[in-house]
Amino acid sequence: MIRSRLCSPFSPLLTVRVSLFLRSKISPEFRAGVANRAKQMMSRNIGFGEDMVAYGQVVIGPPGSGKTTYCNGMSQFLQLIGRKVAVVNLDPANDALPPSNRYDCAVNIEDLIKLSDVMNEHSLGPNGGLVYCMDYLEKNIDWLQSKLQPLIKDGLSSSSFDFADHYILFDFPGQVELFFLHENAKRVIMKLIKKMDLRLTAVHLVDAHLCSDPGKYVSALLLSLSTMLHLELPHVNVLSKIDLIENYGKLAFNLDFYTDVQELSYLQDTLDQDPRSAKYRKLTKELCEVIEDFGLVDFTTLDIQDKESVGNLVKLIDKTNGFIFSSIEGSAVEFSKIAVQATEWDYFRYPSGFYMPFSYSHSFFDLELPFSFFAAVQEKYMKDDE
């Protein structure tokens, strides 16, 4: 089960206190008052009540991990189960993609700034250009807010429930330094959360083929841990392209070993077989101990062409960002029961006002579409040497 230490949608202390009150020998009137007060307090955190709340995902990951393909497939899957989806492209280099691999986006950072223009005007490389673009976006955050506002406000007039009309997918650049070193991207996300009351989960994609190389796998673990600690968001780590995992060689261990991220000491024997890695044995051991000591990193798997795989990921993300709670009315005790139970819930269950159109009764994953429709996208800034 994916750990959710950073993903709690409400205070555990509040839940404990309310539970003790409800179980004590007090009058029914007082009990009802406590329950109502708890519901009012929790509405600020999980979108219950009068305030408009928008849910979504922050899609990040190294170059080649399949972020653009993920946004394309995920947006179509969510639409097919009855949600309105808006994809926000915050990658100023997406203009380098072939038209066949691009998705329709509701907001496009290219309308504000393009990486190619920054590189030409300021004589910067792709990495420096992306840092400049994120800094420019932060300074012009009002532009992004004005573009997002109609997507959120639509829910006020089109429905009676208490969250925004659109589920938002943010497609960020593939430069990893933006998410574990520099502050610009984090400040952009935090300003949107604060000013627009967004409920976001960071979905960190890592190419599954890295599991076939112990050294690269440890690097991916360290990157995932650093990103989790830096962003301070509800976080789900995903091994993408899981259907291609053995194309680069047979795995040394079962897949569970790589997803659960436990007993990393077993990797040492595998690393010692490679002369290039043997001399870094002590360093690798220390890094593995750091990862295990934090105990935060594990992975779920994804094959974007498989509807069951995508559906399971949606269930998990909906629990971390609180979407699962959006249509549930009840006391703090009922919310706490839902928060601790397994994620086996039906993602075809909608808040009041949603419905499943007849045309959505068959998933697009079953249709006869060319493979290129789902093919992994070659990322923009560096060529894949594999």
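Quick notes on this one:
- Annotation: amide H of ASP91 within the under-5 Å range of ILE109, sequence separation 5 or more or interchain, hydrogens built in the peptide plane.
- Of the trypsin sites (Lys or Arg not before Pro) found in the stretch 255-297, those that fall in a DSSP loop while having at most 11 other beta-carbon atoms within 10 Å are LYS279.
- Amide H contacts of ILE168: TYR55, GLY56, GLN57, ALA86, each under 5 Å away and 5 or more positions distant or on a separate chain (H built 1.01 Å from N in the peptide plane; Pro and chain starts excluded).
- Our coupling estimate for the stretch 66-77, obtained by passing each phi through the Karplus curve with A = 6.51, B = -1.76, C = 1.60 and θ = phi - 60°, is x, 5, 5, 4, 4, 4, 5, x, 5, 5, 5, 5 Hz, Gly and Pro reported as x.
- With K and R counted +1 and D and E -1, the other residues having a Cβ less than 11 Å from that of MET134 yield a net charge of -2.
- A 1.4 Å probe, protein heavy atoms only, puts the accessible area of SER146 near 70 Å².
- Accessible surface of the stretch 205-264, 1.4 Å probe: 47 percent of it comes from carbon and sulfur atoms.
- Above-threshold pairs, the threshold being 19 Å between Cα atoms, out of LYS216/LYS250; LYS216/LYS319; LYS191/LYS319; LYS67/LYS285: LYS216/LYS319; LYS191/LYS319; LYS67/LYS285
- Å² of accessible area per residue within the stretch 147-290, as computed with a 1.4 Å probe and no ligands counted: 45
- Gyration tensor verdict on the stretch 103-236 (Cα atoms; rounded if a/c is under 1.5, prolate if a/b is larger than b/c, oblate otherwise): oblate
- Sorting 123-136, 80-93 by average packing, meaning the other beta carbons within 10 Å per residue, from highest down gives 80-93, 123-136.
The values are calculated or read from the model by the stated rules, or taken from the named source; none is laboratory data. Here the structure is a predicted model, which means the values were calculated and not measured. With ideal geometry, Cβ positions are generated from the backbone for all residues, glycine too; neighbour counts draw on all protein chains shown. Each accessible area value is taken on the protein alone, full model and side chains, heavy atoms only, with ligands, DNA and RNA left out. Shrake-Rupley method; radii C 1.70, N 1.55, O 1.52, S 1.80 Å.
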